[in-house]
Each structure stands twice: as C-alpha cells, then as structure tokens.
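Every read-out reported here was derived from the displayed coordinates using simple, explicitly stated rules and does not represent laboratory data. Everything numeric in this text was worked out from a predicted model, so none of it was measured. All Cβ positions, even for glycine, are placed from backbone atoms using ideal geometry, and neighbour counts span all protein chains on display.
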C-alpha cells in the first residue's frame, strides 16, 4: 500500500513489547539478505488530487492532470518514494527522509509546512533503506534492520493509538523487540515486518483479521504490540488496506484479512474474512515475486512479469475492461467483484507495482508506467476524470525523455521517480 490507501469508512502490562520467540534452527545460509538502499537517484513527479497537500506543489496547486516535477526535491538525490492515503515520503541516497502531505496525526514526522517537502526529524544518526506509508502512520526500515514508526493507528471507532503508552507519536521512534527486519509493508491501519529468518510479524488495527490473529474488541490495544502471524519461511510481505500477504521461498503467495470481494484470493463469496495465513489457491501454478493490495482488490506479480488481479472491480480497479465475470451467478455480483486471480492482458513485462486505494501503477522493465482504475481524482495521470478500464500508458510533456524507476500510488494521487536519459 506498497502501499497507498484511502480515507473511506471501514467495511467491515509491560512497557516494552516482547515478541514470541521462534524455535528456528536455520543455518546462516538460510537467512534472508539484509535490506539494501536503492542507489539510482531521480526526480520526483506527482499527479492527481492535492487539496490536502498530497502533491507538495504548494497550497495553490490542488490538482495535476499529468506528471509534474516536484522541483523542491530536485537537488536531494532521491532514490525511493512511498505514498500513503494523503501523505508521502521520499528517501535520499544518504538514507534520509523528506515528507509532505496531511500531518493531522503527525504522519510527516516533523513540524512545518505540509504543502512543501521538508526533512523528517529525529533520524539524524539513522540510515533508512525502505519506507512505507499507511493512512495515519509512517514506517521506516534502517540498514541495521531496525524499524521506526510515527503517527498513529485508527480503527472504525477513531484513533486507536500508536502504542499502548502513546496515542500519537510525533517523531520517529524505534519499535522495541523487532530485530534483523528485512522487509516492511503497510495497510490502511496495520503493519507487517519480515525478519531474516522468514518470520512475519504484524501489529496495528486487527478488526478485519488483517493481523492474522483474533483481537478481542475490549482489548484492541493488544494489537499494537508486534507478534508473529505464524508464517515461517517467507521472503517478502505485502498488504492491502485491510488484508495482508506473504510470499515463501518457492514463490507461493499467502493472504489473510478482509475478503468481502475475494481480495484475499478466497473465491467463496460467503467467506468475508480469512482469519489466518492461507495459501492463495488460484496462484499455485505461478511463481510469485510480489503481492500488493488496494482498498478491496489485489494484484500478484509473477517472476516472469505477468500480473494477476482479483477482488473489487466496480471502478475497473483490476484493469480487465469488465467489472465482473460474464454470466456470473455470484450472489454478491452487485458488488462487481472478480474473485478468481485473472491475468491482466495487454501489458508488457512488469517489473514493479504499486496499488493505491482504487487505482494501480505498473512499472515495466523498460521504464514505462501503465495506470488504471478509479479516475475521478486524476490519479491515473491520463488527464481525464473518468475511470480507466484497461492499462493505459502514462504520458506527459515533463516525462517525455524519462525512464521511470519507482512508482507509488496513494489514496487519490500518485508519485513516480524518473531519470532523464531518452
């Protein structure tokens, strides 16, 4: 959510958190490699809706129909980007973060102007290698494998809290008990972390079973402490707004959480939640390299560069050109859902994906971007306020001679990182 996500309404003891110990006896050669920071700097471009400072172009720029350069970051050697519901992060080659967008719950990790990118505070002696944004929280992974968070989690009832001790965390703070982390992912209000042994941890709001464990309503704060989801031997994590993913060493994909539209890959329309880690049967024949989700839909990327979509499709979130299976007898078909993982045709080989609330960006091996889905907020970058039914190549005068290296889809906006070389 790589995750970006929307602000839509949900459907559906000790002061130092301790984690459950694993009895793993993995040999050193079985450990996952430490996270490595990107090294190719580029320029940041934004498009979509910016009425809540999402674009970073100043308070007078409320929208951009086509990619527009965020000139404030041109001299900062940006190597990676992340988009949340209404805020963004940019990572420099030196491991520093810049932020812009909504700061109501301190998601920017700093004070100052929301409409202009500025450095995140409190990370002076820390080098970040990856960053992820939820709706009201930001998560950063250091080169040593530590995790920092700031902002807060929300539930259907309002603010849930950052931790049992702190309602809103204003500046980055380390997550105690997590060590040797190699990957992170965020949903709307939950976080996943993967350690070197392939163990997945989750924390945040668990009302839709996205934490992989049952959270008793009167003890919802227990969800703010990271715990293992019971999955071992994993190599990557991903998330949708209210659901979660993991991939194992064989390239098999697993999901858990909200499944009202089949976004967890469970095709039974009567299964509204997947309570624990479950194999996605419809993808068993493929070797998966990444799985990411939006508000109620999901995408799986294969090692061959093919893309499969499943879940909600009423705004053409899946890019299939249709919103439900022809002749569907699904009792929930009025919800426009395609529950079986379905190949997205007409795309070149895909290198990376980023799934926003209801739109998606796909980066090709050659540095082009395709976008589709909900179009009213201009987040697909095609200049039209209409849904994009099938993958459409992103164009624009400012990126004509650029090769895109990173994509980040937010709730109602998009961010790309590109290098000039054509």
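Observations, loosely collected:
- Fewest neighbouring Cβ atoms within 10 Å first, the residues 61, 182 line up as 61, 182.
- Inter-part distance where the stretch 180-213 and the stretch 331-385 are each reduced to a Cα centre, Å: 24 Å
- Length gained on full extension, residue 322 to residue 165: 51.8 nm, using 0.36 nm per residue less the C-alpha separation.
- For the stretch 47-148, a Kirkwood radius taken over Cα pairs fed into Stokes-Einstein (4 °C, viscosity 1.567 mPa s) yields D = 96 µm²/s.
- Residues 141, 347, sorted so that the one with the fewest Cβ neighbours within 10 Å comes first: 347, 141
- Considering only alpha-carbon pairs that sit under 8 angstrom and 6 or more positions apart, the relative contact order computed for the stretch 276-380 is 24 percent.
- Alpha-carbon radius of gyration plus Dmax, which is the widest Cα pair, for the stretch 348-409 in Å: 10.9, 29
- As a calculated quantity, the FRET efficiency between residue 287 and residue 419 at R0 = 30 Å, using C-beta atoms, amounts to about 0.55.
- The stretch 31-420, relative contact order [Cα under 8 Å, separation at least 6], %: 14 percent
- The convex hull around the C-alpha trace of the stretch 285-422, projected and averaged over every direction, spans 8.2 square nanometres.
- For the stretch 67-117, the fraction of alpha-carbon pairs lying more than 13 Å apart is 56 percent, rounded to a whole number.
- Annotation: the residues 286, 376, sorted from fewest to most other C-beta atoms within 10 Å of their own C-beta, follow the order 376, 286.
- Inter-centroid distance (Cα atoms) of the stretch 104-120 relative to the stretch 395-418, Å: 22 Å
- Extension gain for the segment residue 349 to residue 127, taken as residue separation times 0.36 nm less the Cα-Cα distance, is 76.7 nm to one decimal.
- Gain on full extension, evaluated as 0.36 nm per residue between residue 30 and residue 65 minus their Cα-Cα distance, stands at 7.9 nm.
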